[in-house]
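Engineer: Quick one: this structure, given as structure tokens, is what I'll be asking you about.
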Amino acid sequence: MKKLDLKKELKHLYQPSAKEVVEVDVPSFNYLMIDGKGDPSTSIAYSQAVEALFSVAYTAKFMLKKGPQALDYAVMPLEGLWWAEDMADFIARNKAQWQWTMMIMQPAFLEKALITAAIAEVQKKKNLPGLPLLRFESFTEGRCAQILHIGPFDQEGPTIERLHDFIDSRASRAGKHHEIYLSDIRRANPQNWKTIIRHPIANHSEPSSLFLAK
């Protein structure tokens with residue numbers, strides 16, 4: 001059975017260089033998503049959201065693999081959209097006020113009915129607190145700039161500044177700060193953590209915005 005790896009199929013989006021910022025066009029993809037608020041390092045809600053997302057993602061994967069279609073694929077990495085109602089909370093690094101949407105992209109051939117069945121299966125086995133908050137929907141970013149950051153999250157500042165400078169020299173920023181976590185932080189050395197930093201580029205009709213990372 002051939003195993004689909006969307007990170008390789010979408011190499012231009014999920015395998016960027018750490019050496020330079022590049023512009024990409026991100027089409028509409030389907031995601032499992034959970035919204036929340038609080039410091040990701042200490043928030044119980046954040047931990048519960050991540051657990052629910054991966055539990056459903058892997059359950060859906062194995063249900064499809066064992067079903068009539070017999071399709072196999074690699075589960076995609078965790079992604080996060082980050083923002084705050086008051087940007088002063090970012091400047092002061094008041095993480096308790098940070099808001100987020102954690103999400104995992106799903107293959108286009110994975111239908112909503114299977115996701116619903118996967119959620120029910122996880123609910124029956126684990127009854128996770130984050131499950132009622134989970135949703136399955138499409139998300140489109142369009143024109144973006146991105147770069148790979150290597151190292152701890154708290155050292156992302158210079159990488160983000162490079163990304164912002166790239167955008168600001170060409171247009172302006174819009175949307176939400178987007179991070180894609182390629183490393184298993186439970187096992188990898190923090191100095192080797194790989195995180196894609198992405199930010200949408202505004203159209204002329206869109207207001208500019210500023211979002212900083214964790």
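The values are calculated or read from the model by the stated rules, or taken from the named source; none is laboratory data. Worth saying up front: this structure is predicted, and the values here are computed from it rather than measured. With ideal geometry, Cβ positions are generated from the backbone for all residues, glycine too; neighbour counts draw on all protein chains shown. With ligands, DNA and RNA removed, areas are computed over all heavy atoms of the protein, side chains included. Shrake-Rupley method; radii C 1.70, N 1.55, O 1.52, S 1.80 Å.
Engineer: Of all residues in the stretch 120-137, count the ones that are open to solvent by less than 70 Å² (accessible area, probe 1.4 Å) and either within 16 Å of residue 67 (Cβ to Cβ) or modelled with pLDDT under 95 (or both).
Structural biologist: Total satisfying the criteria: 2.
Engineer: Determine whether the stretch 23-46 contains at least one residue that is out of contact with any strand residue (DSSP E or B) (no Cβ under 6 Å at 6 or more places or on another chain), surrounded by 13 or more Cβ atoms within 10 Å (Cβ to Cβ) and acidic (Asp, Glu).
Structural biologist: Yes, because at least one residue in the stretch 23-46 is out of contact with any strand residue (DSSP E or B) (no Cβ under 6 Å at 6 or more places or on another chain), surrounded by 13 or more Cβ atoms within 10 Å (Cβ to Cβ) and acidic (Asp, Glu).
Engineer: Please verify whether the stretch 80-97 includes one or more residues that are in contact (Cβ under 8 Å) with a residue 60 or more places away in the chain, surrounded by fewer than 16 Cβ atoms within 10 Å (Cβ to Cβ), outside any helix (DSSP H, G or I) and touching a Leu at 6+ places or on another chain (Cβ under 8 Å).
Structural biologist: Yes; the residues of the stretch 80-97 include at least one that is in contact (Cβ under 8 Å) with a residue 60 or more places away in the chain, surrounded by fewer than 16 Cβ atoms within 10 Å (Cβ to Cβ), outside any helix (DSSP H, G or I) and touching a Leu at 6+ places or on another chain (Cβ under 8 Å).
Engineer: For the stretch 47-69, give me each residue that is among the hydrophobic types (A, V, I, L, M, F, W, C), in contact (Cβ under 8 Å) with a residue 12 or more places away in the chain and open to solvent by 40 Å² or more (accessible area, probe 1.4 Å). I'd like the intermediate steps shown before the answer.
Structural biologist: Quick first cut of the stretch 47-69, residues among the hydrophobic types (A, V, I, L, M, F, W, C) only: 49-50, 52-54, 56-57, 60, 62-64.
When the remaining residues are screened for being in contact (Cβ under 8 Å) with a residue 12 or more places away in the chain, the result is 49-50, 52-54, 56-57, 60, 63-64.
Passing the criteria: 54, 63.
Engineer: Residues that are at pLDDT 95 or above, open to solvent by less than 20 Å² (accessible area, probe 1.4 Å) and among the small types (Gly, Ala, Ser): find the strands (runs of 3 or more DSSP E) completely inside the stretch 141-214 holding 1 or more of those. Outline the logic, then answer.
Structural biologist: Values: elements: 142-150, 177-181, 194-200.
Fully inside the stretch 141-214 and qualifying: 142-150.
Engineer: For the stretch 18-42, which positions are part of a strand (DSSP E or B) and not aromatic (Phe, Trp, Tyr)?
Structural biologist: To start, the set of residues in the stretch 18-42 that are part of a strand (DSSP E or B) comprises 22-26, 29-37.
If the condition is that a residue be part of a strand (DSSP E or B) and not aromatic (Phe, Trp, Tyr), then 22, 23, 24, 25, 26, 30, 32, 33, 34, 35, 36, 37 are the ones that fit.
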